[in-house]
Amino acid sequence: MSVDEDARWLEWVTKQFETIAGEDKEIDIDEFKTALKVKESFFAERFFALFDSDGSGSISLDELLKALNLLIHGDETDKLRFLFQVYDVDAAVMRFSCSGSIDPDELRTVLKSCLQESAISLPEEKLDDLTLVLFESADKDNSGSITFEELKAELENFPEVMENLTISAANWLKPPDQDQKKPQTPRYLTRAYWQKNSRKLLFLCVYALLNSLLFIAAMLYHSYGGGWFMLAKGCGQCLNFNCTFVMVLMLRRCLTWLRATWVVRILPLDQNILLHQIVGYAILLFTLVHTAAHVVNFARMSESSEFSLWEYLLTTRPGIGWVKGTASLTGVILQLLICLMVVCSSTFVRRSGHFEVFYWTHLLYIWVWILLIIHCANFWKWFVVPGLVFLLEKIVGIAVSRMGGLYIVEVNLLPSKVTHLVIRRPQFFQFKPGDYIYINIPVIAKYEWHPFTISSAPEQSDTMWLHVRSMGQWTNRLYEYFRQPESQALCPKRLATSLRKRRQQGKQQVGTPGENHRFCNIKCYVDGPYGTPTRQIFASEHAVLIGAGIGITPFASILQSIMYRYRMRKHNCPSCNYSWCENVKDSDMKLRKVDFIWINRDQKSFEWFVSLLTKLEMDQADGELEGRFLEMHMYMTSALSKNDMKAIGLQMALDLLAKKEEKDSITGLKTRTQPGRPQWEKVFQKLSEENKGKVHVFYCGAPALAKSIKAQCEHFGFNFYKENF
């Protein structure tokens, strides 16, 4: 931290102390935990013991500030001494002189507490290995204990740790919500934003211009009726256009086809969902203004007419409308339906476990279109062509979903309530890596269709995979259905036969048959496949795939497809068994480098695809994938980063053990799992320096993280694509 940040933090500590301390102006160990928000008792007790200089069992404000001031203004050696005393459990007071030593039991106690702080679960044997590898590395003289000088020498082997030690020690203790963000120019006002979003912004400008022209033309045409009548007609004409255009943006089969043409370079097809939402809000706005203008106009008309305002609004007596005077009545119903659809499609509804509310209310679009045709004499002229295309898409979708036999043949229940479905598919059902489908499973819900990304490669000809995270009612019902051992859909008698058959075919296993692995034979229906922005990955030179949590699913399909393609290029010498991979580029695959970044909150989530990632690492090591063609980067956000004093020892031990065993202790992969969140600026800076061609970043995960990544892409000039469906 800077000097100003240090001063602000000390001021925060003083306020925290004064708020928590009692009349004696001192705090005990429990109050100390609350003040510094240290959740694990070991570190709280060590900090407390070191700060309690007089050993009274309580800390005064003077004692606390004196200790923190020494840490803030101390040099690198002072900070190392403080770290040493935390690890030296026998050290009692803050003395900045290190005559003690750290024995193996003390180091094991520290590392165990570090694991608890980072929410990492490892067996006791692995904890012993971590303790041993760090102790043997640091104990240079084999004396059976680690001195301060030995710890200092060991830390110097980890430059990233030493770099973090140059940060004020207050940064080790301060709560994360005390970070001060530097003021910066809003990204929407930067030149990079306008350059990278030129297609979307140009499209929105044309869209706004077209609405303006329609609005003005309609107002001028109806100028005879007065201002409020003109306003209502202007909004009505815009509604004719928007209520049709909102449907065009959801013609998924047409958009999937257009993604394979030159049109994708001109129109923002990958942002059709965002544009659909914008048009939806525009419809709501035009509807409100249209209705309000008509209400005012009817109120004025009722003053000189035999009909009252309520008769104009809620009856057919005035005879307004081309279908038996129903314009007003249908207008009121339309207003209610549109408001209901917009509210129920809001983010807080869709992402709060109530997807079914969004799903069923959105089906009201059918009644909206019927009522619009009755309400407005000219709407059918706007609707007829797009409506026929939409109807044709629906007919094709129903025909595809009913063709052939699609059955769920295997189910694996994964950590964090993820249901892995293996679906047997007919030969005619073809898809591309990263595509998604709509699936209907009658035994779960007879009439509900839900979208999920296909997580297997198209080269896996007889089956396809879906990974479904339990987030709402339907997904929870799916998980619970297969969790029950007495489920009639399961066929345990087929387990041995099916497993033996799949092993003979050499197929990759879903998981080890057991309590969470079931074989079954459940009928399902599928609509699709539909394309996504990830279809452009193979046309990229340097692709960066970023998955957050279950957002890995489209990239699992893509990574498997890459593995299959390179396996097809592999050749073996019949004489010496030497194998090599042809360095030939496909017409539809220009990839020179792939960086895969997977961010998970907890350790368990890595189990979803660890077998796939292990296979990819083995293929690359065997030469099936070109050296460093694929680089994997794993991040665990619940783990404390290396700039946190409570994790320095653990991360050093994990690094040493990973180097010794050639695998990561958390995931079992060769790739080391990094603690905390990626520092995107440093990550993207490294990517830009590799010079492997134009960088295209593909993201699937939480929208909040997408904003941060997109801002960095704009800064570095990378193309950004986000999964939407």
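Things worth noting here:
- Of the trypsin sites (Lys or Arg not before Pro) found in the range 306-361, the ones in coil according to DSSP and having at most 15 other Cβ atoms within 10 Å of their Cβ are K324, R351.
- The calculated FRET efficiency for the pair R601 and Q116, based on their C-beta separation and a Förster distance of 22 Å, comes to about 0.85.
- Local electrostatic count at Q271 - Lys and Arg +1, Asp and Glu -1, tallied over other residues with Cβ under 13 Å: +4
- Computed extension length for F716-Q679: 11.9 nm, one decimal, from 0.36 nm per residue of separation with the Cα-Cα distance subtracted.
- Other residues within the sphere of radius under 9 Å centred on the Cβ of R535, judged by their own Cβ, net out at +1 (K and R +1, D and E -1).
- Fully extended contour minus Cα-Cα distance, from E541 to E661, at 0.36 nm per residue: 39.9 nm
- The loop-placed chymotrypsin sites (Phe, Trp or Tyr not before Pro) in the range 310-343, going by DSSP, that have at most 16 neighbouring Cβ atoms within 10 Å of their Cβ come out as W322.
- Total formal charge among the other residues, if their Cβ is under 12 angstrom from that of K66, Lys/Arg +1 and Asp/Glu -1: -4
- Taking 0.36 nm per residue of separation and subtracting the current Cα-Cα distance, fully stretching the chain between I398 and M568 would add 57.7 nm.
Since every read-out is calculated from the coordinates, none of them should be taken as a lab result. As the structure is a prediction and not an experimental result, all values here were calculated from the model. Positions of Cβ are backbone-derived with ideal geometry, glycine not excepted, and every protein chain shown enters the neighbour counts.
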